[in-house]
Structure formats: structure tokens, C-alpha cells
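Structure record follows, encoded as C-alpha cells.
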Amino acid sequence: MGHQGKQYNVAVVGATGIVGAEFLKIVAERRFPLKGLKLLATERSAGRRIRFGEGEVEVEATTHASFAGADFVFISASGAASREYAPAARDAGAIVIDDSSVWRQDPDVPLVVPEVNADDVVRHKGILAIPNCSTTPLVMCLWPLHRRNPVTRVIADTYQSVAGTGAAAVAELEEQSRAWTEGRETVPHAYPHQIAFNLLPHIDTFLDSGYTKEEWKMMAETRKIMHEPALALSATCVRVPVFVSHSLAAHVEFERPMDADAVRDALREAPGLVVQDDPDVNLYPMPRSAAGRDPVYVGRIRQDMSHPNGIAMWIASDNLRKGAALNAVQIAEEMIARRLV
Ligand SMILES: NC(=O)c1ccc[n+]([C@@H]2O[C@H](COP(=O)([O-])OP(=O)(O)OC[C@H]3O[C@@H](n4cnc5c(N)ncnc54)[C@H](OP(=O)(O)O)[C@@H]3O)[C@@H](O)[C@H]2O)c1
């Protein structure tokens, strides 16, 4: 990415969180052109020192005055923090890239996966949002196919890791796994039930429709990113006892028949995707092999035997990277490349 030699003041709200930590790694790895870096969290974390590059940066409590002089503010904290601080940061003149769900459906807020709808960044009014961490890998696999053969319906079932809930849920899975092997009882905090050695068909709150909010987000966000407001989609989102990376089984119907080889070829050419599809050698995407990596992995590509125009595929990607921090950094890079900052 051309950075035109300019450097930028960056503030991160939620720097002590699990996405915040991944964000700092990615900024360093990609040599994001930083002039200054401000790490923000709650009062609880103020004074903590976080290693970055050769040195350490002290964490500050977030206030409305935290954003003076910032070019980019990345918010990866909580819905309440995003609702409060995104307008304050925008009004201070920064470009806000928000990880929460609170701004995603706002018509003034571009919801962006650069590999799919990079052009939407130009319509920004100071706040941009990244999608939910399961929506991003799904749209990245749908888009290259949709351009060749319009998608008419999608059924997506997710297998989402505890890292998607945050640092506390990761610690809880560790503790419950230990307790289970030691025959100890534990009380769940992060979820309504034990997550270790279990599956929870319940992410976010239940809506009147019977879907969960997480399922609704996947459906609504996919439509917004693909600019297909009428696209038929149905999702079931399941929390699984995996530490990092979300997986999905996607069943996709097209206007016309599309054979599995054509799907594989289209996905191989698409940016940000890696096709891992060789059942003869047990090669397919898995959360463990996707963790810590940037691409979205797709495999198990096959004709849907129940539908003449259908295909099925299996997707895995690191929810903290492409599902969150990496996508946010890529949006900033896109804006820099287009001289929007
Ligand atoms: N995890 C994912 O895969 C994923 C993917 C996409 C989007 N997101 C979104 O990213 C956000 C962060 O998720 P996470 O998984 O990193 O959570 P996390 O590990 O629980 O970390 C939360 C971070 O936010 C800070 N924070 C919370 N409330 C705050 C407030 N009122 N003001 C300032 N800072 C505040 C916390 O600071 P303290 O340490 O001081 O408490 C901490 O740094 C959420 O909005 C989530 O929906 C997450």
C-alpha cells in the first residue's frame, strides 16, 4: 500500500482488550505509518504500560478530550464506548474506525470490507464501521461468486470461538477446561451455560423473530456490504469451545448452475482468500490453522445435492485479525491510498 510518506496520529480505544492487542501487532507488522500512538481504555487500566515496538506506551483513561490531534481513532471497546466516543472523536476531526455493532446500520456510516466494497469509504462522514467477525469471511467468499453468477439465497451456520466475546471469555474456557479435567464444578460468567465441552446456539440477545441479534447482524450486514438489500439469507450462530477463529458452513444458491471447479477458480483469484480444498490429503480450513493468519480460508467446496444451482462450502478465519483488527487497519490503509486523510 502506498502511504505517500505521510504519518498519522492514531488513538486506540480498547487497547488493553483482545482485539486491541491484535491491532497493535498488526500495526507493527504492516509498518502502518504512525506519527503518534495513544492507547486508551477505562480508568481501571490507566497507567498500565503496553509494549509496542522497541518501547512501551502508557495506557490512559478515555475521555472526550482524548482525541485532540488524532488522525485515526480505532474503537474496539464496547457498544457503549463506541456510542459515546465515536461522535466525540469525529467532532475532534479524526476518522473513526469502529469495531462495535452500534454504527453499522447507520446510512451515514460505510460498513467496509476492502476486498468487497472499498469504494464505500469515499462516502464517509467521519465514522466507518467494520462488520461482525463472521460476516466478513462470509462476504469475502460470496462476493467473487456473486459477480459471476448472482447469489439468490444463502444459509450460513457459524462455529464461533470464545475470542469473539473478549478476553474474559477466553479465560473462562481455559478455567472451565481445567476444572472439567480435575472434576471441579465451575459457575459460568461469560455465557449463560458452560462453554467447555459444550455448544451454545446463542450469541447476543434473542429477538422477537426467534433469531439472535448475531444472526440478524450477519444477514443485515451482508446485505449492506454487498449492496443487495433484498438478498435472502438465514443464519444460525453457534458459540463453540474453540479459542480463536470463527468457522462457517455456507450453502449458497445462484441464479444459474455453477460447478464446484468454477467456484474454486473464482475463489482462488479473489483477494484475501486462500482455497484449502484437497480432501485426499485431509486438507480443509480449520480454526486452529487459520488462527494468527491474515487470509480467510475456504474449502469443502461441493455441489449442493439438494439444489440444482447450489453449492456448499466451509470457511475459517481468525476473528481477531480479518474479523476485527486487520480489517480496521486495511480500511485506514485504503483511505490513505485514496488520499482521504
Ligand atoms: N473479539 C472479536 O472477534 C471482535 C470482532 C469484531 C468486533 N469486536 C468488537 O470489538 C470490541 C472489543 O472486543 P474485545 O474482544 O477486544 O473485548 P475485550 O477483550 O473485553 O476488551 C475490551 C476493551 O475495551 C475497553 N473498554 C471497555 N469499556 C470501555 C469504555 N467505556 N471506555 C474505554 N474503554 C473501554 C477495555 O478496557 P479495560 O481493560 O480498561 O477494561 C478493553 O481494553 C467490541 O465492541 C466487540 O464487539 C470484537
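With charges only on Cβ, +1 for K and R and -1 for D and E, what is the dipole size of region 1-83 about its Cα centre, in debye, rounded to 20?
Charge dipole of region 1-83: 120 debye, to the nearest 20.
Hey, how much of the P(r) for the chain falls beyond 29 Å, as a percent of Cα pairs?
The calculated P(r) of the chain puts 39 percent of pairs beyond 29 Å.
Label points 7 Å out from Cα along the Cβ direction at Ser306 and Phe197: separation in nm?
In this crude label model, Ser306 to Phe197 measures out at 3.2 nm.
Order by neighbour count: Ser317, Ser306, fewest other Cβ atoms within 10 Å first, most last.
Ser306, Ser317
In whole Å, what are the extents of region 30-109 along the principal axes defined by its C-alpha atoms, from largest to smallest?
Rounded to whole Å, the extents work out to 41, 29, 21 Å.
Taking the alpha carbon gyration tensor of region 217-267, what are the square roots of 5 times its eigenvalues, largest first, to the nearest whole Å?
In descending order the semi-axes read 23, 18, 10 Å.
What percentage of all Cα-Cα pairs in region 112-180 are separated by more than 19 Å?
When all Cα pairs of region 112-180 are counted, 55 percent exceed 19 Å.
Counting other Cβ atoms within 10 Å, keep those with at most 16, restrict to DSSP loop, and tell me which chymotrypsin sites (Phe, Trp or Tyr not before Pro) in region 195-237 are left.
For chymotrypsin sites (Phe, Trp or Tyr not before Pro) across region 195-237 that sit outside H, G, I, E and B with at most 16 neighbouring Cβ atoms in 10 Å, the list reads Phe197.
Just grab the label-to-label distance for Ala337 and Phe52, each label 7 Å out from Cα along the Cβ direction, in nm (one decimal).
The answer from the label model is 2.4 nm.
Please give the net charge around Asp294, taking every other residue with its beta carbon less than 10 angstrom from that of Asp294, where Lys and Arg add +1 and Asp and Glu add -1.
Residues close to Asp294 contribute a combined charge of +2.
Relative contact order (percent) for region 197-262, with alpha-carbon contacts under 8 angstrom and 6 or more residues of separation?
35 percent
With the crude spin-label approximation of a point 7 Å out along Cα→Cβ, what separation in nm comes out for Ala168 versus Arg268?
4.7 nm
Percent relative contact order of the chain, based on C-alpha pairs within less than 8 angstrom and at least six residues apart?
19 percent
Under the √(5λ) rule applied to the eigenvalues of the Cα gyration tensor, what semi-axes describe the equivalent ellipsoid of region 249-341? Give them in Å, descending.
After diagonalising the Cα gyration tensor, the semi-axes are 28, 17, 11 Å.
Using the Kirkwood radius over Cα pairs, work out the Stokes-Einstein diffusion coefficient for region 61-158 at 4 °C and 1.567 mPa s, in µm²/s as a whole number.
Rounded, D is 88 µm²/s.
Mind checking which of Ala77, Ile130, Leu145 is farthest towards the positive end of region 37-175's charge dipole, using Cβ charges of +1 (Lys, Arg) and -1 (Asp, Glu) about the Cα centre?
Leu145
Students often check this: by mean Cβ neighbours within 10 Å, which of 128-139, 233-244, 93-104, 280-291 ranks highest, and how do the rest follow?
Averaged packing, sorted descending, gives the order 128-139, 93-104, 233-244, 280-291.
Based on DSSP H runs of at least 4 residues, each adding -39500 (n - 2.57), what is the mean residue ellipticity at 222 nm of the chain after dividing by all its residues, to the nearest 500 deg cm²/dmol?
Mean residue ellipticity, 222 nm, calculated: -8500 deg cm²/dmol.
Do any trypsin sites (Lys or Arg not before Pro) in region 1-89 lie in a DSSP loop with no more than 10 other beta carbon atoms within 10 Å, and if so, which?
Arg31
Quick one: order Met305, Met219 by neighbouring beta-carbon count within 10 Å, fewest to most.
So the residues, fewest neighbours to most, are Met305, Met219.
What full-extension length gain, to one decimal in nm, is calculated for Ser177 and Thr236 as 0.36 nm per residue of separation minus the Cα-Cα distance?
18.7 nm
For region 95-239, what log10 I(q)/I(0) values come out of the Debye formula at q = 0.14, 0.15, 0.17 1/Å, with one point per alpha carbon and no solvent?
Treating every Cα as an identical point scatterer, log10 I(q)/I(0) equals -0.74, -0.82, -0.97.
Which loop-located trypsin sites (Lys or Arg not before Pro) does region 146-214 contain, where loop means any DSSP state but H, G, I, E or B and the Cβ has at most 10 other Cβ atoms within 10 Å?
Of the trypsin sites (Lys or Arg not before Pro), the ones in loops of region 146-214 whose Cβ has at most 10 other Cβ atoms within 10 Å are Arg184.
Can you divide the C-alpha Rg of region 169-228 by 2.2 N^0.38 Å and report the result to two decimal places?
Its radius of gyration relative to the 2.2 N^0.38 Å reference: 1.53.
Values in this text are rule-based calculations from the coordinates and carry no lab data. Here the structure is a predicted model, which is why all the values come from computation and not from measurement. Heads up, the Cβs are rebuilt from the backbone with ideal geometry, glycines too, and the neighbour counts pull from every protein chain shown.
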